[in-house]
Amino acid sequence: MPERQISYREAVAEAIKEEIARDDRVFLMGEDVGVLGGAFGSTKGVYDAFGGERVLDTPISETAIVGYALGAAMAGMRPIAEIMRVDWMTICMDEIVNQTAKMRFLSGGHPDVALVIRAAAEGGIGLGGQHSQSFEAWFVHIPGLKVVMPSTPYDVKGLLKSAVRDPNPVIFLEPGVLYGVSGPVPEEEYVIPLGKAEVKREGKDITIVAWGTLLPKTLNAAQTLANEGIEAEVVDPRTLRPLDIDTIIDSVKKTGRLIIAHEAMKTGGVGAEIAALVQERAFDHLDAPIKRVATPDVIIPVNRSLERLVLPQEDTVVEAVKSICS
Amino acid sequence: MPLTKEALLNMYRRMLTIRHFEEGITEFSRQGLVPGTGHVSIGEEAVAVGSCSALGDKDYIISTHRAHGHLLARGADINVILAEVLGKATGCTGGKGGSMHLSDFSRQILGTNGIVGAGINIAGGVGLAIKMRQTGQICLGFFGDGAANRGTFHEGLNMAAVLQVPTVFVCTNNQYGLSMPQCKACGNIDISARANGYGMPGYRVDGTDVIAVYEAVKSAVDRARDGEGPSLIEAVSYRLRGHSMRMDQMPGGSDYRPNGEVEDWAENKDPLKIFRSKLKELGYINEKEAEQLDAECRQLFESAADFALNSPEPEPETAFTWIYAPEGVK
Ligand SMILES: Cc1ncc(C[n+]2csc(CCOP(=O)(O)OP(=O)(O)O)c2C)c(N)n1
Ligand SMILES: [Mg+2]
């Protein structure tokens, strides 16, 4: 029998449903997550399955969504809070950074701070400057948080289930442009541990570390490159904090070349961190300078061709590879 | 049910304990024994004790940067709290949190906060958990008049009313947010009046009268426990000392107050003086007993000081713990 195919958004909703059913401490809260099923449809069916007791449609109050989720976690619940888009996590950065991330430390190591804060991230669908950003680096910078950014339906389901079960706060970023993409997801229950990268394609000539929307673009680029005789190895970290640097280092030791590809802005992006770690630990294995493929430091425009121009595309990856593989 | 003599004397004892604790740490701060700073609540003891006396043993509190009084009113261990203020290993956060980050999870004191207004949402969330788990507890969330002007106040109170959580919001209006007089920070100084806009009851009480505070909070607590949702209480009092111990030691650190204002409140509206007169009037205490109680509470601080000053410094490796849950914790 062919394996079941479902979309990324369906995989998100399925993970949430399974976790709410599994553990009566788990509940979902956020703007439009209930009756509507999420502004991007990623919680469709959850309200129908569990009703208003476990699925709370909240007012447009980002600080309260995260603050309430934190308070509920401290008093024994396991909330899944949705901020519609990562762009608006700027509004509740205090609740995320000063409160949630530090609660364990500042409370003597005691409290339960098990909550997941989910948001759609990245651009590519013409939503413009305040609806298209990739802020994973902001959260990777914060001790106390875990940061997960899955790129396939299979990964998002398994990782979201692990995030809900994790005793730490997890920032869970879902590339909006991938919600409609389908892939194989088994009917049986499974989880994917946080902090484990996956080699998505094997190759011997160059390592490309890519996540978010850049993962599918990079896999396409790798196919194009293979036709031209360059075998790229593609590593998806999936979790950005804690980062599975060992898997990346192992790959670099094999290939001798590294590109990091992400949609977030280049300056201060997670790519810079990975480049620094690799040169600290595998400098002698590098045959070429490390390159980053990222969005230049601009504001994401709405116009289709301008947006396409600034966001890294498949051919941006191909060109970057050729520049260090000739 | 009116408060018994025993209950009232107990409340007085707690207020005195807070006063001695905070006078003691102010002196320690002058001697350079307190890392960073600390915010004392001298003049606001009636709000802490009146509010906490209205709670049951299992109820939660969430508090602010000015929280020693809330912890002591709730029965937290004075030794552990003092050790934390001094940054010692025996403190509730092993010396890593200090005066602004106090907690006692065994007494449902889920923590105080260095960010003004951040506790309001957390207190609402604790209420949400109580409601979902149907445990019959309530959560009391303290915050200041300054915090009431943050957006979290609006989001947190509205959300509380929408979700009908059993949280009682207690605003200690000590009339200043740092140097900013409340009358210059609010278009309408009556913070309790905002409750109506959120669809919850609001009460404004004299925060120097511990019994008045107790009664207002008790009725809000009873209401929340009966499933009738949140309330807002504004207790008007006065901060008799500077904003923080550190600022009080700075030249000009208290110059923003009108001449004579502090002296007037200290003379006429000190909650301890008011309560002592009341207890005498009721015949519950005489001058000699009052002095004896005062000495006992001073002694409590002295022995806590012995404990805290002789406590070890935290071990260096503790700087790296409690950032994530230990491996294996589910
Ligand atoms: C969000 C935030 N802004 C500013 C500060 C600095 N600060 C600490 S306490 C304080 C005054 C708070 O006033 P209020 O809420 O009335 O509490 P009080 O100090 O009077 O107890 C300020 C401005 C802070 N800690 N957090
Ligand atoms: Mg104030």
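The values are calculated or read from the model by the stated rules, or taken from the named source; none is laboratory data. Since this is a predicted model, take the numbers as computed values, not measurements. Cβ coordinates were reconstructed from backbone atoms using ideal geometry, including for glycine residues, and neighbour counts include every protein chain displayed.
Scanning for something modelled with pLDDT under 95 and among the aliphatic types (A, V, I, L, M), does the range A:1-21 turn up at least one residue? Within the range A:1-21, one or more residues are modelled with pLDDT under 95 and among the aliphatic types (A, V, I, L, M).
Taking the numbered list (1) part of a loop (DSSP other than H, G, I, E, B); (2) away from chain B (no Cβ under 13 Å); (3) farther than 22 Å from residue A:19 by Cβ in turn, residue A:177 passes all entries but (1). Do we find a residue being within 12 Å of ligand 1 (Cβ to nearest atom), outside any helix (DSSP H, G or I) and in contact (Cβ under 8 Å) with a residue 24 or more places away in the chain anywhere in the range B:146-154? Yes.
Among the residues of this structure, residue A:143 counts as one that is within 14 Å of another protein chain (Cβ to nearest Cβ), farther than 26 Å from residue A:22 by Cβ and of a type outside the set (Asp, Glu). Counting only residues that are facing another protein chain (nearest Cβ under 9 Å), over 18 Å from residue B:111 (Cα atoms) and not β-branched (Val, Ile, Thr), the range A:47-72 holds 6 of them. Looking for something within 25 Å of residue B:247 (Cβ to Cβ) and either at the interface with chain A (Cβ under 8 Å from one of its Cβ atoms) or touching a Phe, Trp or Tyr at 6+ places or on another chain (Cβ under 7 Å) (or both) - is there at least one such residue anywhere in the range B:120-141? Within the range B:120-141, one or more residues are within 25 Å of residue B:247 (Cβ to Cβ) and either at the interface with chain A (Cβ under 8 Å from one of its Cβ atoms) or touching a Phe, Trp or Tyr at 6+ places or on another chain (Cβ under 7 Å) (or both). Within the range A:22-30, is there a residue that is more than 10 Å from every other protein chain (Cβ to nearest Cβ), out of contact with any His (no Cβ under 8 Å at 6 or more places or on another chain), part of a helix (DSSP H, G or I) and on the phi < 0 side of the Ramachandran plot? Yes: the range A:22-30 contains one or more residues that are more than 10 Å from every other protein chain (Cβ to nearest Cβ), out of contact with any His (no Cβ under 8 Å at 6 or more places or on another chain), part of a helix (DSSP H, G or I) and on the phi < 0 side of the Ramachandran plot. Checked against the criteria, residue B:18 does not count as closer than 18 Å to residue B:170 by Cα, within 16 Å of ligand 1 (Cβ to nearest atom) and either aromatic (Phe, Trp, Tyr) or touching a helix residue (DSSP H, G or I) at 6+ places or on another chain (Cβ under 8 Å) (or both). In this structure, is residue A:129 closer than 19 Å to residue A:237 by Cα, in contact (Cβ under 8 Å) with a residue 12 or more places away in the chain and among the small types (Gly, Ala, Ser)? It is false that residue A:129 is closer than 19 Å to residue A:237 by Cα, in contact (Cβ under 8 Å) with a residue 12 or more places away in the chain and among the small types (Gly, Ala, Ser). Within the range B:161-177, being within 16 Å of ligand 2 (Cβ to nearest atom) and over 22 Å from residue B:40 (Cβ atoms) holds for one residue alone: B:169.
Each row is one residue, and each column tells you yes or no for (1) out of contact with any Leu (no Cβ under 8 Å at 6 or more places or on another chain); (2) within 15 Å of ligand 1 (Cβ to nearest atom); (3) under 30 Å from residue B:321 (Cβ atoms); (4) of a type outside the set (A, V, I, L, M, F, W, C).
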position	(1), (2), (3), (4)
B:74	no, no, yes, yes
B:84	no, no, yes, yes
B:100	yes, yes, yes, no
B:105	yes, no, yes, no
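Taking the criterion of being farther than 11 Å from residue B:35 by Cβ, part of a loop (DSSP other than H, G, I, E, B), of a type in the set (S, T, N, Q) and out of contact with any strand residue (DSSP E or B) (no Cβ under 7 Å at 6 or more places or on another chain), the residues of the range B:85-110 that qualify are B:90, B:93.
None of B:69, B:36 is under 24 Å from residue B:146 (Cα atoms), more than 16 Å from ligand 2 (Cβ to nearest atom) and of a type in the set (Gly, Ala, Ser) except B:36.
Just one residue in the set B:323, B:285 is in contact (Cβ under 8 Å) with a residue 60 or more places away in the chain, surrounded by 12 or more Cβ atoms within 10 Å (Cβ to Cβ) and in a loop (DSSP other than H, G, I, E, B); that residue is B:285.
Yes or no, residue by residue, for (1) without any contact (Cβ under 8 Å) to a residue 12 or more places away in the chain; (2) farther than 15 Å from residue A:168 by Cβ; (3) in a helix (DSSP H, G or I):
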residue: A:65; (1), (2), (3): no, yes, yes
residue: A:71; (1), (2), (3): yes, yes, yes
residue: A:111; (1), (2), (3): no, no, no
residue: A:134; (1), (2), (3): no, yes, no
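Screening the range B:178-264 for helices (runs of 4 or more DSSP H) wholly inside it with 1 or more residues that are more than 14 Å from chain A (Cβ to nearest Cβ), more than 16 Å from ligand 2 (Cβ to nearest atom) and under 17 Å from residue B:147 (Cβ atoms) returns the ranges B:194-198. Looking across the range B:162-207 at every residue that is within 16 Å of ligand 1 (Cβ to nearest atom) and touching a Cys at 6+ places or on another chain (Cβ under 6 Å), the one that is farthest from residue B:70 (Cα to Cα) is identified as B:189. Condition check: crowded, with 18+ Cβ neighbours inside 10 Å and in contact with an Asp or Glu (Cβ under 7 Å, 6 or more places away or on another chain). Does residue A:78 satisfy that? So residue A:78 passes the test. One residue alone among A:34, A:52 is outside any helix (DSSP H, G or I), at pLDDT 95 or above, out of contact with any Phe, Trp or Tyr (no Cβ under 7 Å at 6 or more places or on another chain) and among the small types (Gly, Ala, Ser), and that residue is A:52.
Check the range B:109-121 and report whether any residue there is away from ligand 1 (no atom under 16 Å from the Cβ) and within 17 Å of the chain's Cα centre (by Cα). The answer is yes, given that some residue of the range B:109-121 is away from ligand 1 (no atom under 16 Å from the Cβ) and within 17 Å of the chain's Cα centre (by Cα).
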